[in-house]
Amino acid sequence: MKMLKMLRQKHGYTQQEFAEICGIDWRLLSKYERGERHPKIVMLKMFAKVLECSVDDLIVDVKR
């Protein structure tokens, strides 16, 4: 989920800060960002709310 990391950084949150806001462990957030795990829709909705974006914005495939 490259967009999750990009949007989190754009909003100025560290992994620790963002994870605390969302009520998860920062290590789990790191796994989401690296694509090692995939969050459930409830968590995607939380991320979208905090980052002021849509769930679609979070799951779009970013090509580098």
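The values are calculated or read from the model by the stated rules, or taken from the named source; none is laboratory data. On a predicted model such as this, the values are computed, not experimentally measured, just so you know. Here Cβ is always computed from backbone atoms with ideal geometry, including for glycine, and neighbour counts include all displayed protein chains. The area values use the complete protein model at the heavy-atom level, side chains included, leaving out ligands, DNA and RNA. Shrake-Rupley method; radii C 1.70, N 1.55, O 1.52, S 1.80 Å.
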Do any residues in segment 2-17 that are touching a residue at least 24 places away in the same chain (Cβ under 8 Å) have Cβ atoms under 9 Å from those of residues that are among the charged types (D, E, K, R) and not in a loop (DSSP other than H, G, I, E, B), where the two are at least six apart or on different chains, and which pairs are they?
Lys2/Glu33; Met3/Asp57; Leu4/Glu33; Lys5/Glu33; Lys5/Arg34; Leu7/Asp57; Arg8/Glu17; Arg8/Glu33
Name the single residue, out of those in segment 1-13 being under 11 Å from the mean Cα position of the chain (by Cα) and open to solvent by less than 70 Å² (accessible area, probe 1.4 Å), that is farthest from Ile59 (Cα to Cα).
Tyr13
Could you list, in sequence order, the residues of segment 20-54 that are among the charged types (D, E, K, R) and either loosely packed, with under 14 Cβ neighbours inside 10 Å or free of Cβ contacts under 8 Å to residues at least 12 places away in the same chain (or both)?
Glu20, Asp25, Arg27, Lys31, Arg34, Glu36, Arg37, Lys40, Lys45, Lys49, Glu52
Out of all the residues in segment 55-64, is one or more open to solvent by less than 40 Å² (accessible area, probe 1.4 Å), modelled with pLDDT of 95 or more and under 9 Å from the mean Cα position of the chain (by Cα)?
no
